[in-house]
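Worksheet for the structure shown next.
The values are calculated or read from the model by the stated rules, or taken from the named source; none is laboratory data. Because the structure is a prediction, the values reported are computed rather than measured. Here Cβ is always computed from backbone atoms with ideal geometry, including for glycine, and neighbour counts include all displayed protein chains.
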Amino acid sequence: MTYHLILFAVLLIFIMASVMLQNLLYSAIMLALGSVTVSLIMFTFSAPWAGVFELSVCAALLPVLVIGTIKLIDAGGRQDLDEGNEDNCGSLGFNIQPVENRIKFRILPLVVSLIAVLGWIFFIPFFEALSKYPYMNSLNRDLGKIIWAGRSQDLIAQITILTAIAMAMKSILHFSGGKNKESKE
Amino acid sequence: MNILLIPIFLPLFTAIFILLVSEKTKYLKEVAAIMASFISFLSALTIFLSSNIIAYSLPWAGYSFDFTLKADVLGKLALLFATGVSFLAAFYAAGFMKKRTDSAKWFFFNLLFTGSFSSGAVLSDNLLTMLFFWEGLVIFLYTFLVFAKGGRNSGAIAMKAFIINAVANLCFLIGITITGFIAGSMNMTEIHAGKLAVSGWAFAAYLLLLIGIVSKIEGMPFHTWMTDAGADGANSTFLAYVPGALDKILGIYMLVRVSIYLYVLNGVVQALIMTLGVVVLLFAAMMALAQKNYKKLLAYIAVSQSGYALLGVGTMNATGIAGGLFYALNNAIYLFALFLTAGSVESQSETSNMAKLGGLWKRMPATTLVFIIAALSISSVPPFNGFFSKEILQRGILEAGYPMFFAAVELGSIITLIALLKLGHSVYFAKETETSLRCKESGMFMIIPMFIAAILCLFFGFGAKIPVEHFLEPVLSYLALEHARTIAGFQMGNLLLISVAGIIVSIISHVVGYGITGKPYKATDYLLYAPVLSKIYRMAEHKVFDPYEQIMKSSVWPLGQFFSKLDSLTDYLTFTLPSFVSNSLSKMSQKFHRGSYVLYMTITIIGFLVYMAYVFSFGGIK
Amino acid sequence: MMTSLLAYLLIPLSSAVIIQFLKKNDKLADIVSNVSLFAGLLNISYLIFNPQNVRFSFASIADNGFSLIMVLAIYLIAFCVSLFSSGFIPRTKNKHNFYSLLLTGVAAMCGVVISLDFFTLYIYAEALAIVSLAMICYEDNERGAEGAVKYFFLTLPGSVFILTGISILLFTAGTFNFLNLQSIANSGPMSTANMVAVAFLCIGFLIKAGIVPFHTWLIDAYQGAYSPVSAFLGGIATKVSGAYAIIKIVMIFKLFESTAGRISEALMLLGAITIIWGAIAAIRQKNFKRMLAFSSISQTGYIVLASGLGTPLAVLGAIFHLFNQATFKGTLFLNSASIEKSAGTTNMHKLANLENSMPWTTWTSIIALLAAAGLPPLSGFWSKLVIVLALWEEGAKGYAFLSLFFMLVTFAHFAIIQKKIFFGKKAADGEKSREMPVFMLLPVVLLSMIIILAGIFFPHVYSFLMQAVTRNML
Amino acid sequence: MITLFSVDWYLISIIFFIGLYCMLVSRNMFKQLLGLQIMSKACVLAIILCGAATNNVNLSQAIAITMILMEVIAVLAGLGLILKAWKITGCPDLVKLSKLKG
């Protein structure tokens, strides 16, 4: 029970770190570590399949993609931009954000603690009342039957959304004679 | 198809037909008008001769507002005279309009519509139907005057006439609604069953109705438009037809209908009507003396004649009422004739100023003869019908016990005679002027109706046998007014002596006036400059007594100011204000949509928080 | 999942994939896309208007009437957009990408309309979001990119709120199926916990529908989008993912009962504000498309206001207004696209006197504008009338007056626009505008015909909808 | 005594809020995407928590798996968008993108 709360604490730290870090690369890595802690939490909730999925997809696939894109943008940095926009945001995140909004990120822990205190006063009674009406499900069918029998519509939905993302990426990344061929991975 | 509908709807449809016909067709308009009015006259004749009471009713719009017609004795008499007069007028107009500049098409349209509406008013049994026709007449009065294109300000006079009559009709309307309300039904026969005593509300209603009737007869306060029209050179056929004859017939019909058939008058009202009659009688006659214009003089005489009818009905006894009724009918005839003579003189000499005219009897013998007969009968010289109606009236007045009114009637006829002597002498028998040289006898179309009217004057005279038996007796018996002695007949007696004495006095005064001034049209001037009279005349010239002018002068300017302010306010409210508001609001929204993503995201999140707070604040979990 | 209607989902999906392989010639891509959509349209319209159905005045509707009419609207607008864009998009652009996106979008929308489960509905809505995202930035210009970015990132919180709503629903009701939920809702006063879940769902779908505080993305997306895409979006996409879901929620949970009172009040309030904001903001707009976007917000406001009320008549009005809204906005956006193409600009100040150079476009957009404003014989009037009547019966007199007043404001505003753009005196840009080829006029004429017919045959439409509503909200 | 359940919900709401805050303040699209990912992680945790609390774990796992898939697809779309915006405007900064206004 106790390491359940520890895990949540670790998760909070990772997420705050990823938000506060100015360097995009480090924040992406922090996020990956965050999703690892999420999958660990899932294991504590005895939801193994979800944990595995989370670990393999969110902790592995997504950071790769994100870091790849960041590198892509950094590599193809378009110093040649002639508009002379005031903050030269071609290169890596160092000066992607102008100075002034650093403060907004630095006060994040302060804000989070404020929200925590407020939450303790307001959210807890709210959730207490909410938790008084659980719908206790009697039969606990195994995952395979649920997905195939109960959630069969979702499968068709997933097919549609996959085709959708495929078509979308094809058309988004179709730069008519773009300078460098898109390669995300 | 009930015969009652013919006099109403036949002229109506022919009028519309004439309107559609183009102006240039030669005789089509005249022929159609004459035929329509002749057929309606024949149907009126058949209705009059048929003994039983013909009725026709058509449920119009429910709520006791149905279109019922009923030709009872009084109605039949009035219908006969009305359609007869309109037929004669149409006949005369056929010739008269040839020379006029204003459009004949519109004249015949108005004439036929007025004829149909008047027969409708006379026949209708339901008060509201009668009101509808009564009000319609005012409209065509206006169109008559507007299309007359007489003098410069015919439009202003038309408006004046319309406003005066409209206001009076408004009172008439209110009076009718009150009577209908009190009596509980709009149907005259039902009201007649339970006659209304004139007290409290009924008194107010009767007064209002009286105002309407007096304005229709062109009584004292409401006469100014007619005299102005006369002076302004309005179409004399119109003057002959509407104010001269038709209004007198409708007026007396309605006066008798209201004061005897619907209401039971008491002493106070009786005295009121009689004094009004006398005042109208004397004042208008006095004014007639001062006129230098042929038609204006006749107009004032017409106004004074209406006084006699009021006087007659006011006496409330059989002979008085018979006298009043007979007087009105005679009026219709000889005033119609006089105005027709004025029309023919004017059409020949293009002027109706007495100074310019003279010695027309050599060139226009027929018109002169008709003038002589009509003038003598109007000033009640014995052999003609005027004398007998005056005699019956005076006998009624004496029966009612008002000797001074008797004297007033006598004085009125003397003054009328003096005025007409002046007119006749200066226009027909004085020396010839250069304008009268180019006059020649007017066409055949105009002569025939004049002669018919003159012959009628003769027929109704000589003891007045025919009119009394056929017209007055049935009406009196219908109205259940018992009368002791026979009315008609040539009775010797002091009345005859007095009237003969009156005639002699008027002849003497004419000779004296002519002697003093040497000019026939100035014969009455010696009377005008008498100490008291001259001030009254001067005031009358400045329209002091004309209520319409006074009201107009005082109220027009402030009203104009008020309405222009109101207009600018509505402009502001409906146009400038909404466009200003919407522009400023949408400018505000444009400022909000700055396109910055951060702003939009904050708005979304704030919206979410507010929504959550709202939904979960009270009804929520807590 | 209504398996009988599943076909409407799978066929466009498969044709979308097929088109990708027709890389070589665009003509074939045109044909495949138009034919598949037209076949779908014919099929669904036969299903609804088949003789024995009409004779019994739609007594025996196979499936849920509401989703039938929605599928009809989807196929109608999609077919019109694809027909229009087959003439509009030049050869150079990768046309088959556009068609496959369009067809996937149609599949996603049919999924949303057919699904009987909140979570499935959410997945399809997410798919639709991604497809419309890609279509917005179809043109490689800055406007498209900005529109797409705003569309994606601003509707994101919406989808996250829907997910939280779904998780709470799992906690309190244990199921997502509409029918089970309906039985739970009917079985007794809604437990306040369910209401929390419903509140989250409502806020999520409100954001997706573009109600006032959350409407900013919609304006920029419509203006920035590639012109035929804004017709697709404005016509049907946002309506399906936003307004349809709200109506569905209202039909399932009896929102107007005491416990859930706050939510229905919130919905009505937001709807009313949207009507006001949309109508007023549209007045000073210079860009024709942006003005249309604002007025479409105002119309969605009507739908949300009516569904907030919750009575069967109000829901009927909302559904009919949704269908009408699709036809009006489809016509207007397609016309704006053709005006942009032929007159070169959608800046209203520069456009004038289009009537004599582009008569067809002018008259169809006039019909659509008048219908949108609510001119009696046309369909828009009937739906708004039903909504106002429903508001009146339920005693929400203030809202009724408000909606009536703003009907007037929009009418005045559209009248001014029509006069300015279509009938004003000659303007420079109006000169060289010439009428569109037949292909691009056919859809617009078809849509305006439907506007007129729906207006005239309103009794049939009314009986059909009443059948659909009463069967669902028993 | 505060049940385990309400504490977990409380923590999830905090994570949720961090994600919202990140989207609120950041100007860079990557950070927006970061916020998105954080919020969807919070949702996945919420669904698992509800499943665990109501003895309905397997159903919640099925939903969670689809949610993770959706999250990946959303991030992918986001990345595509960032690339497009970067290709056109030259930098993934959101403030630049404010041409559509009025």
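Structural remarks
- Test: residue in the range D:54-76 that is within 8 Å of chain C (Cβ to nearest Cβ), in contact (Cβ under 8 Å) with a residue 24 or more places away in the chain and over 16 Å from the mean Cα position of the chain (by Cα): no
- Of the residues contained in the range B:473-489, one or more are found to be at pLDDT below 75, out of contact with any Asp or Glu (no Cβ under 8 Å at 6 or more places or on another chain) and under 18 Å from B:S377 (Cα atoms).
- B:S442 vs. criteria among the polar types (S, T, N, Q), in a helix (DSSP H, G or I) and not assigned by TED's automatic domain parsing to the domain that holds B:I191: no
- Scope the range B:279-310; condition part of a helix (DSSP H, G or I), more than 18 Å from the chain's Cα centre (by Cα) and farther than 14 Å from B:T416 by Cβ; matching residues: B:V279, B:Y294
- Residues in the range C:147-163 that are within 14 Å of chain A (Cβ to nearest Cβ) and either closer than 16 Å to D:L33 by Cα or surrounded by fewer than 24 Cβ atoms within 10 Å (Cβ to Cβ) (or both): C:A148, C:V149, C:Y151, C:F152, C:S159.
- Test for B:Y526: is it outside the structural domain of B:D228 (by TED's automatic domain parsing), touching a residue at least 24 places away in the same chain (Cβ under 8 Å), within 30 Å of B:F429 (Cβ to Cβ) and assigned to a helix (DSSP H, G or I): no
- Flag if D:C50 is within 10 Å of chain C (Cβ to nearest Cβ), touching a residue at least 24 places away in the same chain (Cβ under 8 Å) and within 20 Å of A:I147 (Cβ to Cβ): no
- Residues satisfying the stated conditions in the range B:524-552, i.e. within 13 Å of B:A288 (Cα to Cα) and touching a Lys or Arg at 6+ places or on another chain (Cβ under 6 Å): B:T524
- Selected residue (only one of C:T120, C:T104, C:T155, C:T164 is of a type outside the set (D, E) and at pLDDT below 90): C:T155
- For B:T570: the one exception among (1) surrounded by fewer than 17 Cβ atoms within 10 Å (Cβ to Cβ); (2) in contact with a helix residue (DSSP H, G or I) (Cβ under 8 Å, 6 or more places away or on another chain): (2)
- Within the range B:415-442, the set of residues being buried (at least 21 other Cβ atoms within 10 Å of the Cβ) and not small (G, A, S) comprises B:I415, B:T416, B:L417, B:I418, B:L420, B:L421, B:K422, B:L423, B:V427, B:Y428, B:C439.
- Filter pass, A:G119 being modelled with pLDDT under 75, out of contact with any Lys or Arg (no Cβ under 6 Å at 6 or more places or on another chain) and buried (at least 16 other Cβ atoms within 10 Å of the Cβ): no
- Annotation: of all residues in the range B:369-385 being hydrophobic (A, V, I, L, M, F, W, C) and not in a helix (DSSP H, G or I), the one that is surrounded by the most Cβ atoms within 10 Å (Cβ to Cβ) is B:F384.
- Among the residues of the range B:593-604, those identified as surrounded by fewer than 17 Cβ atoms within 10 Å (Cβ to Cβ) and either modelled with pLDDT of 85 or more or among the small types (G, A, S) (or both) are B:S596, B:T602.
- Residue count for the range B:1-60, restricted to those that are over 20 Å from B:N110 (Cβ atoms) and among the polar types (S, T, N, Q): 7.
- Scope the range B:343-379; condition within 26 Å of B:S86 (Cβ to Cβ) and in contact with a Leu (Cβ under 6 Å, 6 or more places away or on another chain); matching residues: B:A374, B:A375
- When we screen A:A32, A:A47, A:A28, A:A17 for residues that are at pLDDT 85 or above, crowded, with 22+ Cβ neighbours inside 10 Å and more than 7 Å from chain D (Cβ to nearest Cβ), the only hit is A:A28.
- Flag if B:S37 is more than 22 Å from B:N187 (Cβ to Cβ), part of a loop (DSSP other than H, G, I, E, B) and assigned by TED's automatic domain parsing to the domain that holds B:A234: no
- When we screen B:T101, B:T129, B:T143, B:T114 for residues that are without any contact (Cβ under 8 Å) to a residue 40 or more places away in the chain and of a type in the set (S, T, N, Q), the only hit is B:T143.
- Qualifying helices (runs of 4 or more DSSP H) (wholly inside the range C:172-235; at least 1 residues being buried (at least 24 other Cβ atoms within 10 Å of the Cβ) and of a type in the set (K, R)): C:192-209
- Residues considered: C:I203, C:I211. Of these, the only one that is under 15 Å from C:A245 (Cα atoms) and free of Cβ contacts under 8 Å to residues at least 60 places away in the same chain is C:I203.
To keep it simple, each residue is scored yes or no on (1) modelled with pLDDT of 80 or more; (2) crowded, with 17+ Cβ neighbours inside 10 Å; (3) under 30 Å from C:M251 (Cα atoms).
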{"residue": "C:L9", "(1), (2), (3)": "yes, yes, yes"}
{"residue": "C:S14", "(1), (2), (3)": "yes, no, no"}
{"residue": "C:V17", "(1), (2), (3)": "yes, no, no"}
{"residue": "C:L28", "(1), (2), (3)": "yes, no, no"}
{"residue": "C:F38", "(1), (2), (3)": "yes, no, no"}
{"residue": "C:F56", "(1), (2), (3)": "no, no, yes"}
{"residue": "C:S60", "(1), (2), (3)": "no, no, yes"}
{"residue": "C:L72", "(1), (2), (3)": "yes, yes, yes"}
{"residue": "C:A78", "(1), (2), (3)": "yes, yes, yes"}
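- Criterion (in contact with a strand residue (DSSP E or B) (Cβ under 8 Å, 6 or more places away or on another chain) and surrounded by fewer than 21 Cβ atoms within 10 Å (Cβ to Cβ)) met by exactly one of B:A204, B:A193, B:A197: B:A197
- Test: residue in the range D:31-54 that is of a type outside the set (A, V, I, L, M, F, W, C) and surrounded by fewer than 23 Cβ atoms within 10 Å (Cβ to Cβ): yes
- Listed by position, the helices (runs of 4 or more DSSP H) enclosed by the range B:196-255 include none that has at least 3 residues that are farther than 19 Å from B:L145 by Cβ, at pLDDT 80 or above and hydroxyl-bearing (S, T, Y).
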